[in-house]
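S.K.: Once you've had a glance at the structure underneath, I'll fire off some questions.
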Amino acid sequence: MHTTTQVGIIGAGPAGLLLALLLHRKGIACTVLEQRTRQDIEATIKAGVLEHPTAELLRQLGVGARMDQEGFVHEGIELAFGGRRHRIDLPELTGGKTITVYAQHEVIKDLVAAVLANGTPIEFGVSDVRLDGLETARPTIHYAHTGNARSLGCDFIGGCDGFHGPSRQAIPATLRQEHLKVYPCGWFGILCEAPPSSKELIYAQSDRGFALLSTRSQSIQRLYFQCDPSDHVDNWSDDRIWAEFQARLANTEGWQVQEGRIFQKGIIAMRSFICETLRHGRLFLAGDSAHIVPPTGAKGLNLAAGDVVLLANALARYYRDDTEAGLNEYPERALRRIWRGEHFSWWMTQMLHDMEGEDSITRRFRRAQLDYVVSSRAASTALAENYVGLPFEGIEQI
Ligand code: FAD
Ligand code: DHB
């Protein structure tokens, strides 16, 4: 079966779903193709921190109601080292901006409901996705659905299929300009039933490595610690996990990590990756398909949102004014924000993690950097303004 649309979007993650909503607002038709089931994407545990501009974008798109009701606005984060916490006051340093803790799979539920409600088709459970005719005016996405071969003809393709998806691979390797840094550590993440240990997120540096206390609700907590990326969750009993958190968050302030039943464990790799070739003919990459950050600083989903705001505006300009000017500018404009987020994520990562094989001077530099960040208003402000998120370019045009 062959169908047609204006923009074919591959991937129903935050990038693809937000792009679909933004295009609908502009009167541009699209179809979203997703390889997993709706249940699966609505249950995958990932991010938790929404930047100020991302939360605003969700509200502007009419999908912020549940986030505002069930999410938690945080006005500060804590950096812990040397047995003490040091607070970074976000609104005070950024002219009133905050972050919102609201799980990514809850954002996905809100976005899927809104996309379907406005009549945009999402085909779940597709397979064998293949991109064709990218350098022609009418590219095609070939795929299979419930065993039947299908194709979607479109004017443009939004490659929003994450790091492992087929879109980036459809750009010939010789044309792709890519940068990669693999970190010698990963994050061990858990979800547990416990009360919060702290009112705000704690990013902790210790002699045993990094740890992060985050939250999901008054009764569910999200915690991470730096681990060997080749380690396996089965090597970590609950008792061993709690002992590690207690050791990394040991302090002289008289508080302790609140323990509880652990009901989810996972290990994630840490990379910085950028494919600067965001456009190939009629294909445009956005989100994790084009770039990955290490999780320290919580930038991934937020960078994806920034990309699709620019991309939607560029596509709208094409249909409105019959010009490719905006589309031509998309890579350069998007990359400015992407590189800023990439640098911030690397900077937070190297400041807070022990890296294998590093020398004693590097360790001392890290402590000197942390000391400076918490004691200088200029340095705290630089962290705060990046953490709450720099404004989305083009947001006023959505
Ligand atoms: P994805 O979310 O990867 O979505 C891509 C979609 O494409 C998926 O649904 C996938 O199934 C689909 N797809 C793939 N291949 C195909 C195919 N062949 N055909 C059809 N569909 C396909 N970011 C933050 O901003 N804040 C945080 O606090 C944060 N914390 C994180 C914590 C963890 C543990 C992890 C793992 C990530 C975290 N991130 C965070 C990063 C964030 O989750 C990602 O950057 C974000 O999901 C990127 O969105 P995306 O839509 O570009 O890609
Ligand atoms: C969370 C994830 C992050 O990457 C981060 O920097 C802070 C919080 C979270 O999942 O809550």
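S.K.: What is the dipole size for the chain, taken about its Cα centre, with +1 at each Lys and Arg Cβ and -1 at each Asp and Glu Cβ, in debye to the nearest 20?
M.R.: It comes to approximately 240 debye.
S.K.: Using only the alpha-carbon atoms, how far is helix 300-321 inclined from the longest principal axis of the chain? Give it as 0 to 90 degrees, nearest 10.
M.R.: Approximately 20 degrees, to the nearest 10.
S.K.: Just the accessible area for Cys30, please: 1.4 Å probe, Å², rounded to the nearest 10?
M.R.: 10
S.K.: With a 1.4 Å probe and all protein chains left in place, how much of the accessible area of the chain comes from carbon and sulfur atoms, in whole percent?
M.R.: Of all accessible area on the chain, carbon and sulfur atoms account for 49 percent.
S.K.: State which entries of Lys97/Lys299; Lys46/Lys265; Lys97/Lys199; Lys46/Lys299; Lys26/Lys299; Lys109/Lys199 exceed 21 angstrom in Cα-Cα distance in the structure shown.
M.R.: The answer is Lys26/Lys299; Lys109/Lys199.
S.K.: So, one more: Nearest 20 debye, what's the magnitude of the dipole of the range 180-270 about its Cα centre given +1 on Lys and Arg Cβ and -1 on Asp and Glu Cβ?
M.R.: 280
S.K.: Let me ask another. Taking a probe of 1.4 Å, how large is the accessible area per residue of the chain, in Å²?
M.R.: 42
S.K.: For the chain, set up a GNM with springs between Cα atoms under 10 Å and report which of Ala290, Ala137, Ala305 has the largest fluctuation.
M.R.: In the Gaussian network model the winner is Ala137.
S.K.: Sticking with this structure for a sec: Just to confirm the number: angle between the C-alpha axis of helix 360-375 and the first principal axis of the chain, 0 to 90 degrees, nearest 10?
M.R.: Helix 360-375 sits roughly 80 degrees off the main axis of the chain.
S.K.: Can you tell which of His2, Gln264, Val126 lies farthest toward the positive end of the dipole of the chain, using +1 and -1 charges on the Cβ of basic and acidic side chains (Lys, Arg; Asp, Glu)?
M.R.: Going by the Cα projections, it comes out as His2.
S.K.: Say we join alpha carbon atoms closer than 10 Å with springs in a Gaussian network model of the chain; which of Lys265, Lys97, Lys299 then has the biggest fluctuation?
M.R.: Top of the fluctuation ranking is Lys265.
S.K.: For the range 180-270, what is the relative contact order in percent, using Cα pairs closer than 8 Å and at least 6 residues apart in sequence?
M.R.: In percent, rounded to a whole number, it is 44.
The values are calculated or read from the model by the stated rules, or taken from the named source; none is laboratory data. None of the values given here were measured: they were computed from a predicted structure. Cβ: placed from backbone, ideal geometry, glycine included. Neighbour counts: every protein chain shown. Surface accessibility is based on the protein's heavy atoms, side chains included, excluding ligands, DNA and RNA. Shrake-Rupley method; radii C 1.70, N 1.55, O 1.52, S 1.80 Å.
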